[in-house]
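What follows is a single structure, written as structure tokens, with notes after it.
The values are calculated or read from the model by the stated rules, or taken from the named source; none is laboratory data. Everything quoted here is computed from the prediction, not taken from an experiment. Methodologically, a virtual Cβ is constructed for each residue, glycine included, from the backbone with ideal geometry; neighbour enumeration extends over all protein chains shown.
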């Protein structure tokens, strides 16, 4: 959903409720770090243990997981203030909790996250993810000159080419240079092994194409994004809306069914389902049962969420996660200096 100028102004006045309850803990941590006597804490084992089981915060990470990451990262930093992974995860989780839509972030959340992103780069100056957290925040704050300088420095050092490509894409997209952004996203895929981050790059490509009015071309990156990440309500719903706008009613209906099978409480998909039901009623047609998407029929593959009966009819195996890599946990990333 896109907001008009008045809605944007209103949203900026209030901290998102998903983050408001956690902000006192973040402010208390900031004060705790400001006391030099606390910086000598070095229970590294407890600090690492607090992050066990957490994945890197991404745009598609569910709100409860982001909130849990904030709480655990605070615990981790208090055990070891020099844990760069915890600072990175806290910065990214706060950033995503401040998101209103694909382009609108609450400035208070960004400023809260900025301090921890800067701390992560100071503690781990040659880890791409630390730079990612920092530069993304500066992009959202529209500090263009600072972003250009940081991207130049990151590119010159050359230790994180994938991160540099991804951030260059995000910066180009923020400035409305969508063709350039797509080129950078494609370049970043050559360095990215984690399915979740590959999916985000494909989804970002799709949105760039949509912003340029090239709707039919956006279907391919949406398909590739789902094949990378698996069940994703956010990606699946946006693809279902696109199919409806392209006049593919049955495809939109099938994708909407799959999204609700992944998360029956996902409000945008519920709204679309209600609209589709009314649409079929007006046409005096029955609501269709599960079917195969055109992409599944043409490619002979299964997209996540395909009904078991349809799989049998197609004679294809159920979707399975890609084997070329798994989402890297921040602890592992910062220990080995991966991107």
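Against the conditions (1) more than 22 Å from the chain's Cα centre (by Cα); (2) at pLDDT below 95, residue 277 satisfies every one except (2). Annotation note: Cβ proximity below 9 Å between a residue of the range 114-126 that is free of Cβ contacts under 8 Å to residues at least 24 places away in the same chain and a residue that is crowded, with 18+ Cβ neighbours inside 10 Å and in a loop (DSSP other than H, G, I, E, B) (sequence gap 6+ or interchain) occurs for 121/127. Within the range 99-122, can one find any residue that is farther than 27 Å from residue 18 by Cα and crowded, with 22+ Cβ neighbours inside 10 Å? Checked against the condition, which is being farther than 27 Å from residue 18 by Cα and crowded, with 22+ Cβ neighbours inside 10 Å, the range 99-122 yields no hits at all. Could we say that residue 163 is touching a residue at least 12 places away in the same chain (Cβ under 8 Å) and either part of a helix (DSSP H, G or I) or assigned by TED's automatic domain parsing to the domain that holds residue 105 (or both) here? Yes: the conditions hold for residue 163.
Within the range 209-242, the set of residues being within 20 Å of residue 96 (Cα to Cα) and in a helix (DSSP H, G or I) comprises 225, 229, 233, 234, 235, 236, 237, 238. Taking the range 29-44 as the range and being assigned to a helix (DSSP H, G or I) and free of Cβ contacts under 8 Å to residues at least 24 places away in the same chain as the test, the residues that pass are 31, 36, 37, 40.
Among 187, 197, 214, which is at pLDDT below 95 and not assigned by TED's automatic domain parsing to the domain that holds residue 132? It would help to see each step written out before you state the result.
On the way: 187 fails: at pLDDT below 95; 214 fails: at pLDDT below 95.
None of the others qualify; the one that does is 197.
What number of residues within the range 283-297 are surrounded by 10 or more Cβ atoms within 10 Å (Cβ to Cβ) and assigned to a loop (DSSP other than H, G, I, E, B)?
As a first pass, look at the range 283-297 and keep what is surrounded by 10 or more Cβ atoms within 10 Å (Cβ to Cβ): 285, 287-297.
Next, from what is left, pick out any that are assigned to a loop (DSSP other than H, G, I, E, B): 285, 287-293.
Total meeting the criteria: 8.
Can you pull out every residue in the range 243-260 that is surrounded by fewer than 16 Cβ atoms within 10 Å (Cβ to Cβ) and not in a loop (DSSP other than H, G, I, E, B)?
Step one: filter the range 243-260 for residues surrounded by fewer than 16 Cβ atoms within 10 Å (Cβ to Cβ), giving 245-247, 250.
Passing the criteria: 245, 250.
Every listed requirement among (1) in contact with a helix residue (DSSP H, G or I) (Cβ under 9 Å, 6 or more places away or on another chain); (2) surrounded by fewer than 15 Cβ atoms within 10 Å (Cβ to Cβ); (3) closer than 29 Å to residue 101 by Cβ is met by residue 274 save one, (1).
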